[in-house]
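Everything below concerns the one structure shown next.
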Amino acid sequence: MSVLTMRILPDPILRRQARKVGKVPANMKKFTDDMIETMHAELGVGLAANQIGSLQKVAVIQLPDWEEALVLINPEIVKQEGEREVVEGCLSIPGYRGLVKRSVSVRARAIGLDGKVIRIKADGLLAQALEHETGHLQGSLYIDHLVTPDDLWKIPQDGEEEEEEEESGEDSGSGQGTAAEDQETGEQPE
C-alpha cells in the first residue's frame, strides 16, 4: 500500500465533479487500499478520490471504533432527515474548522468492491462523514455549508495560541467538535 499525495484547496480538482465508475475494475482494490492508507496517515475518518487527485466516484470511511474501512463506489445520499449544526474540518483544508449544517440522519447507496449494492442508514458521525465525502465527489467542500461566513476559524497549531480566546476568555470551538472533525483536521481523536 502507498500513501498518496493530498490535494489542498485551492487545487481545482477539489471543485470538479467525480465520474461514476462503470464495472468495478480489477485495480480498484489496490486503489482503495492506498486511499485507506492515506486516510490513516492523515488521521482522517473519510477520504474522497478527488482529494488524492482522481476523479473516480469513490470514497472510503472508517470511524474511530471500526476495525475496517467502508469502501463506497458511486456513493449517493438518497434521503436526508432533520438538520443539525456541527463543527467540521477537512484534510484538504488543513488548519481550519467551521460550523456547518448537516442532516441528523441519511440513507445512502453505493457499490462495494464486489460490485454489489450497499445500502446504509446512518446518523451521527457516519451520516456526517457520508455527507462530507459525497459532497467532495460533487465538487463541494464543507466550507460551502457554513452556517454563516463567520463560522470558519483557524485552529491553533502547536505552540500557537488563539488571541481571541486569551482576550475574551471564551473558547472558540473546543468541545464542540466530533471525532470526525478532529480526524479530518489531523487532531486526535474525534
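Read-outs throughout are calculated quantities, based only on the coordinates presented, and are distinct from any laboratory measurement. All values reported here derive from a predicted model rather than from experimental measurement. So basically every Cβ, Gly included, is an ideal-geometry build from the backbone, and we count neighbours across all protein chains shown.
Highest mean packing first, where packing is the average number of other Cβ atoms within 10 Å per residue, the peptides 4-17, 115-128, 46-59 line up as 46-59, 115-128, 4-17.
Expressed in Å, the radius of gyration and Dmax of the Cα atoms of segment 57-120 are 13.7, 37.
If you wrap a convex hull around the Cα atoms of segment 1-139, how much volume per residue is inside, in Å³? Can you show the working numbers first?
Details: hull volume 14.3 nm³, N = 139.
Roughly 103 Å³ of hull volume per residue.
Near Arg119: Cβ cut-off under 9 Å, other residues only, Lys/Arg at +1 and Asp/Glu at -1. The net charge is +3.
Place the peptides 88-97, 65-74, 141-150 in order of packing, highest mean first, counting for every residue the other Cβ atoms within 10 Å and averaging per peptide. Write out the running numbers ahead of the final one.
On the way: 88-97: 21.9, 65-74: 16.5, 141-150: 14.9.
My ranking of the peptides, most packed first, is 88-97, 65-74, 141-150.
For the pairs Lys57/Lys121; Lys57/Lys154; Lys30/Lys116; Lys101/Lys154; Lys20/Lys79; Lys57/Lys79, note any where the Cα-Cα span goes beyond 28 Å. Working shown, then result.
Numbers: Lys57/Lys121 20 Å; Lys57/Lys154 30 Å; Lys30/Lys116 18 Å; Lys101/Lys154 19 Å; Lys20/Lys79 19 Å; Lys57/Lys79 19 Å.
Checking Cα-Cα distances, Lys57/Lys154 exceed 28 Å.
If both residues of a DSSP beta bridge must be in segment 1-95, then about 90% of such bridges are antiparallel.
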